[in-house]
Amino acid sequence: MKKIIALTLSLLVLIGSLAGCGNSDGKGTTETKSTETTEAGTGKEYEPYKISMITQLTGDNTFGGNEYKNGAELAIKQLGGEINGRKIEMVFADGPTQEATLAEFERLYNNGSRAFVSGYGCIADRAFASMVDEMEATYLSLAWDADLIQGESDYFFRIGANVTDFAKGAIEQAAKIGEDYLKIPADELKVAFVYNTRLAHVMEPMKEKMAELGIEAVVFEGYPTDTKDFVPIITKMQSAEYDIFIPLQGVTDGTPFQKKMFELNYTPPVTFGAGVYYDTPIFAELGDDITNGIMTQSYTTPYIADDAAAGIKEFREEYEQIYGHAPLTHALQAYGGVYIYAKALESLDPADWDDTKKVAAAVKALDLDFGELPWYWGVKFDELNSNTRANQFITNQWIDGKLECVYPENLKTRDAIVPWK
Amino acid sequence: MLNEEMQVIFIFIERKRHDEFFDIFIVQGDYMNLSAYINIIFNGICIGGLYGLTSSAWSFQCGALKFANFAYGASLMATMYLTYFGIREWNIPAFIVMPLILIFNFGLGMLMRKVLLKNENRGTQIITTMALNLIIINLVTFVFTGFPRDMALLEKRLYITETISIGATQFTAFCLSAVILIGFNTFLKKTWTGRAIRSVVQNRDAATLMGIQSEKILDQAFALSYLLIGISGMLLITMFQAEPNYGNYIQTIAFVVCVSAGLGSLSGAFGTGILVGVISALIQTLLGSQWNDIVLFGLFIVILLVRPNGIFVSKKNVAKTF
């Protein structure tokens, strides 16, 4: 009996140990992680040009990882699988953790990949920022960390928004809501600001911007990630007089926080979520009773006005047709990344594509205005290779289960309803 | 009338606010009225009661039975996941899921005692159960993914006055916790098995000489403590999201509660749980959430320095306390 129990327990130990190495959907194996999928085009003379993406196809963030994969796949499809007569193909690898991402990068590099674009979560982009120059591989990063780029680089580019612009943009938009809808000038605006301390790097530039605009934070509450009881914070909010509630939260805290507010029968005058969680389908699952009227800042989404960006409507429609669900911002980000490569490759003779210096230089030289790409953002890099035209954000509002773009004027699809009906 | 009384207390608090010392710290809650504070205290009491129940299982294991179980938090978290998946994902009726989980927990407790905790060296027990803790967390992540799970229950409020209310689920959980702990205490004091457990804990050799099968009794006692973990997990999932690291959080709370109360004191654990719940709520309100752990663990150190055996235990022989 003891032997049987000991054997059973040993097996459990073994399974538990292996569990850490496995994926969470229980379907794949480590072999699956190494499996590459390609989107081949129709070029003739050259080897297909590979653009690689290591993204979270297993683990806790498969949803975001697959959105990235789908967006990049769709870009190749809409480009017809070739540029200037040479085939281009996407190579995908699974990177559920930083270690796995770095290992896959090494493998793909050894297999000839020299052009990379961030995967969901950008979990190893800081490491890539210091690696790719030496390896002469071009890397288009979607990471938003303020200190991502530590110095000049020939190969590493930040193509998306940075956290400082995002955070300051959120406060600017909150001030705009105050002025336009509540008729309160910024220097008289009072906000309740609640944030997870894990997101303190987003909060700091927001705080700076609030001070600059003279916005007063009547409630300013940071809480540790392991906080489970939100009643004290909500009670404080209930007792305070403010105009706009600005939460900065993730899934693990945003959901219980919103639920608890609903249970306490408390609705802030205006809720303006600073992205991160409030524009996700997970938030929508809370139901219209909770989500209706809530506003959120976001990167540009697939749901901006059709005429605002070339190809946005086609992107949205074809994505939904192929993948069976409406695309998220994440898919559009990856799609935008591949399109930046496409624009750079277009400017070169296909024979030069294998010269990584020339590809990197072509990326650096891009000068695309707002609205030229489907993701609306333009492309113009500064001396540190940070995209200076990825600083336009939008405000969405949840209206009867749908996320509608309500700001800015040129991107919105409808007017905001403030205060909520 | 109630409002007048509140006014008096409120004036007292107002005076305190003007005290220079308080002015430094009372920044966050200085616009709150008395009913807001009462709501927060009620909330703290209810959550604290649940902390008390969850902690008493650990207190019983570590203090009374002398088993160092550091897989306690993970076991509780696994129970939360099983409850969620049983009811929400696999659509098994709650009245079937709940007894099944209790049976599972009893079995797990028995298995742990017979295999992992057979060796009575505390150091070995700590290392072994810490390893088991990691195994459970990884298994849960592997099987259920790390995505937070929520029973999607929206809690109703019970209104005491127009402005003072209490969460119905929280209140029910508090009452259940109290009933379960009283029941468990009664079981230990009034039944033959309970008395046998106490006698084995107090003096195993003497109990054995009296004809009690000490090993068997300890197996049963440990398995029983896992029943408490099962009940705690099922109650917790009605109020909180389950996530793989939730166990670490609850284990930390249990540690603070049990050591402050005095290991082995079940009623002490319940009382201290309530105290921790209220203090924690007040720290968050008066100083801000970021101060919670700093002040709470600071108090914990003070308690350990002043009363090393815990608030409710004056003698070193903790077995006598329950």
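Listed here are the residues, each with its yes/no results for (1) open to solvent by 10 Å² or more (accessible area, probe 1.4 Å); (2) without any contact (Cβ under 8 Å) to a residue 40 or more places away in the chain; (3) not aliphatic (A, V, I, L, M).
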{"site": "A:LYS50", "(1), (2), (3)": "yes, no, yes"}
{"site": "A:THR62", "(1), (2), (3)": "yes, yes, yes"}
{"site": "A:GLY81", "(1), (2), (3)": "no, no, yes"}
{"site": "A:GLY85", "(1), (2), (3)": "yes, no, yes"}
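Going through (1) in contact with a Ser or Thr (Cβ under 9 Å, 6 or more places away or on another chain); (2) within 21 Å of A:SER118 (Cβ to Cβ); (3) surrounded by fewer than 19 Cβ atoms within 10 Å (Cβ to Cβ) one by one, A:THR301 falls short only on (3).
Residue pairs whose Cβ atoms lie under 8 Å apart, separated by 6 or more positions or on different chains, with the first residue in region A:214-235 and touching a residue at least 40 places away in the same chain (Cβ under 8 Å) and the second in a loop (DSSP other than H, G, I, E, B), are A:ILE215/A:LEU189. Within region A:362-403, track down each residue that is aliphatic (A, V, I, L, M) and either surrounded by fewer than 17 Cβ atoms within 10 Å (Cβ to Cβ) or closer than 20 Å to A:GLY275 by Cβ (or both). Across region A:362-403, the qualifying residues are A:ALA365, A:LEU368, A:LEU384, A:ALA390, A:ILE394, A:ILE399, A:LEU403. Residues that are under 26 Å from B:GLY146 (Cα atoms) and assigned to a helix (DSSP H, G or I) within region A:73-99 comprise A:GLN98, A:GLU99, listed in sequence order. Name the residue that is surrounded by the most Cβ atoms within 10 Å (Cβ to Cβ), counting only residues in region A:144-174 that are over 28 Å from A:LEU213 (Cα atoms) and among the acidic types (Asp, Glu). Residue satisfying both the conditions and the ranking: A:ASP154.
One residue stands out in region A:106-134 among those that are of a type in the set (Gly, Ala, Ser), touching a helix residue (DSSP H, G or I) at 6+ places or on another chain (Cβ under 9 Å) and in a helix (DSSP H, G or I): the one that is least open to solvent (accessible area, probe 1.4 Å), namely A:ALA127.
Within region A:239-252, being part of a loop (DSSP other than H, G, I, E, B), more than 8 Å from chain B (Cβ to nearest Cβ) and closer than 18 Å to A:MET210 by Cα holds for A:TYR242, A:ASP243. Criterion applied to B:THR145, B:THR172 was being farther than 19 Å from A:VAL231 by Cβ and free of Cβ contacts under 8 Å to residues at least 40 places away in the same chain, and the one residue passing it is B:THR145. For region A:273-298, the tally of residues that are within 26 Å of A:ASN162 (Cβ to Cβ), surrounded by fewer than 20 Cβ atoms within 10 Å (Cβ to Cβ) and of a type in the set (A, V, I, L, M) stands at 1. Quick one: would you say B:ILE45 is under 16 Å from the mean Cα position of the chain (by Cα) and open to solvent by 10 Å² or more (accessible area, probe 1.4 Å)? Yes.
Each row is one residue, and each column tells you yes or no for (1) within 29 Å of B:MET32 (Cα to Cα); (2) in contact with a Pro (Cβ under 8 Å, 6 or more places away or on another chain); (3) open to solvent by less than 40 Å² (accessible area, probe 1.4 Å).
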residue	(1), (2), (3)
B:PHE240	yes, yes, yes
B:ASN248	no, no, no
B:THR252	no, no, no
B:VAL259	no, no, yes
B:LEU263	no, no, no
B:VAL276	yes, no, yes
B:ALA281	yes, yes, yes
B:SER289	yes, yes, yes
B:ASN292	yes, yes, yes
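Kindly indicate whether A:MET206 is in contact with a strand residue (DSSP E or B) (Cβ under 9 Å, 6 or more places away or on another chain) and more than 30 Å from A:ALA342 (Cβ to Cβ). Criteria met by A:MET206. Residue count for region A:373-412, restricted to those that are over 20 Å from A:GLU172 (Cβ atoms), without any contact (Cβ under 8 Å) to a residue 40 or more places away in the chain and not charged (D, E, K, R): 0.
Set side by side, the residues A:LYS183, A:LYS190 differ, and just one is in contact with a strand residue (DSSP E or B) (Cβ under 6 Å, 6 or more places away or on another chain) and open to solvent by 50 Å² or more (accessible area, probe 1.4 Å), which is A:LYS190.
When region B:186-200 is filtered for residues that are within 22 Å of the chain's Cα centre (by Cα) and not aromatic (Phe, Trp, Tyr), the ones remaining, listed by number, are B:THR186, B:LEU188, B:LYS189, B:GLY194, B:ILE197, B:ARG198. Scan region A:305-324 and tell me whether some residue there is over 20 Å from the mean Cα position of the chain (by Cα), in a helix (DSSP H, G or I), within 14 Å of another protein chain (Cβ to nearest Cβ) and charged (D, E, K, R). There is no residue in region A:305-324 that is over 20 Å from the mean Cα position of the chain (by Cα), in a helix (DSSP H, G or I), within 14 Å of another protein chain (Cβ to nearest Cβ) and charged (D, E, K, R). Residues that are in a helix (DSSP H, G or I), under 21 Å from the mean Cα position of the chain (by Cα) and away from every other protein chain (no Cβ under 11 Å) within region A:253-290 comprise A:PRO281, A:PHE283, A:ALA284, listed in sequence order. The combined condition, being within 10 Å of another protein chain (Cβ to nearest Cβ), open to solvent by 20 Å² or more (accessible area, probe 1.4 Å) and either more than 24 Å from the chain's Cα centre (by Cα) or modelled with pLDDT under 90 (or both), is fulfilled by A:THR225.
Taking the stated definitions as given, is B:ALA261 farther than 17 Å from B:CYS46 by Cα, more than 14 Å from chain A (Cβ to nearest Cβ) and more than 15 Å from the chain's Cα centre (by Cα)? The answer is no for B:ALA261.
Each row is one residue, and each column tells you yes or no for (1) in contact with a Leu (Cβ under 9 Å, 6 or more places away or on another chain); (2) assigned to a helix (DSSP H, G or I); (3) more than 25 Å from B:GLY273 (Cα to Cα); (4) open to solvent by 70 Å² or more (accessible area, probe 1.4 Å).
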site: B:THR169; (1), (2), (3), (4): yes, yes, no, no
site: B:ALA173; (1), (2), (3), (4): yes, yes, no, no
site: B:LEU176; (1), (2), (3), (4): yes, yes, no, yes
site: B:ILE180; (1), (2), (3), (4): yes, yes, no, no
site: B:PHE187; (1), (2), (3), (4): yes, yes, no, no
site: B:GLY194; (1), (2), (3), (4): yes, yes, no, no
site: B:SER199; (1), (2), (3), (4): no, yes, yes, no
site: B:ASP205; (1), (2), (3), (4): no, yes, yes, yes
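Of the listed requirements (1) among the basic types (Lys, Arg); (2) within 10 Å of another protein chain (Cβ to nearest Cβ); (3) open to solvent by 10 Å² or more (accessible area, probe 1.4 Å), A:LYS236 misses just one: (3). Write out, first by first residue and then by second, each pair whose Cβ atoms fall under 7 Å of each other, whose residues are 6+ apart or on separate chains, and whose first residue, in region B:30-53, is in contact (Cβ under 8 Å) with a residue 24 or more places away in the chain and closer than 19 Å to B:TYR159 by Cβ while the second is among the basic types (Lys, Arg) and open to solvent by 10 Å² or more (accessible area, probe 1.4 Å). Within 7 Å, no pair qualifies.
So, in region A:64-79, of the ones that are of a type in the set (D, E, K, R) and open to solvent by 10 Å² or more (accessible area, probe 1.4 Å), which residue ends up nearest to the chain's Cα centre (by Cα)? Only one residue tops the list, namely A:LYS69.
Counting only helices (runs of 4 or more DSSP H) that sit completely within region B:63-167, those holding 3 or more residues that are open to solvent by 60 Å² or more (accessible area, probe 1.4 Å) and away from every other protein chain (no Cβ under 11 Å) correspond to B:94-111, B:122-144.
The values are calculated or read from the model by the stated rules, or taken from the named source; none is laboratory data. In this text the structure is predicted, and so the values were computed from the model without any measurement. Methodologically, a virtual Cβ is constructed for each residue, glycine included, from the backbone with ideal geometry; neighbour enumeration extends over all protein chains shown. All accessible areas refer to the heavy atoms of the entire protein, side chains included, with ligands and DNA or RNA removed. Shrake-Rupley method; radii C 1.70, N 1.55, O 1.52, S 1.80 Å.
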